[in-house]
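Enquirer: Quick one: the structure is below, and I'll ask about it shortly.
The values are calculated or read from the model by the stated rules, or taken from the named source; none is laboratory data. The structure displayed is predicted, hence computed values, not measured ones. We work out accessible area using only protein heavy atoms, side chains counted, and drop any ligands, DNA or RNA first. Shrake-Rupley method; radii C 1.70, N 1.55, O 1.52, S 1.80 Å.
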Amino acid sequence: MATLTFPLPSGRGSRRLGIVEFISKLFEGINEGRELASRYQTLARKSDAELARLGLKREDIPRAVFASRRG
């Protein structure tokens, strides 16, 4: 089992801001994951001919999805 630790800045006010920032980044990550899953599903539903028109093979779908990340 893995253990995650999340460093929080010291001080009462900064701790609250650290938690808010952590939660904000958590939701950003969840949203990004959902967007990537949606892109993957969209490409996976296409036929091999449709993928070929996009210059892709079925095995290229994961790479194409992650290459489209916004950075």
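Enquirer: Keeping all protein chains in the complex and leaving out DNA, RNA and ligands, what accessible area do you get for residue 48 with a 1.4 Å probe, in Å² to the nearest 10?
Expert: 100 Å²
Enquirer: When the Karplus curve 6.51 cos²θ - 1.76 cosθ + 1.60 is applied with θ = phi - 60°, which whole-Hz ³J(HN,Hα) does each residue of the stretch 27-36 get, with x for Gly and Pro?
Expert: 5, 4, x, 4, 4, 4, x, 5, 5, 5
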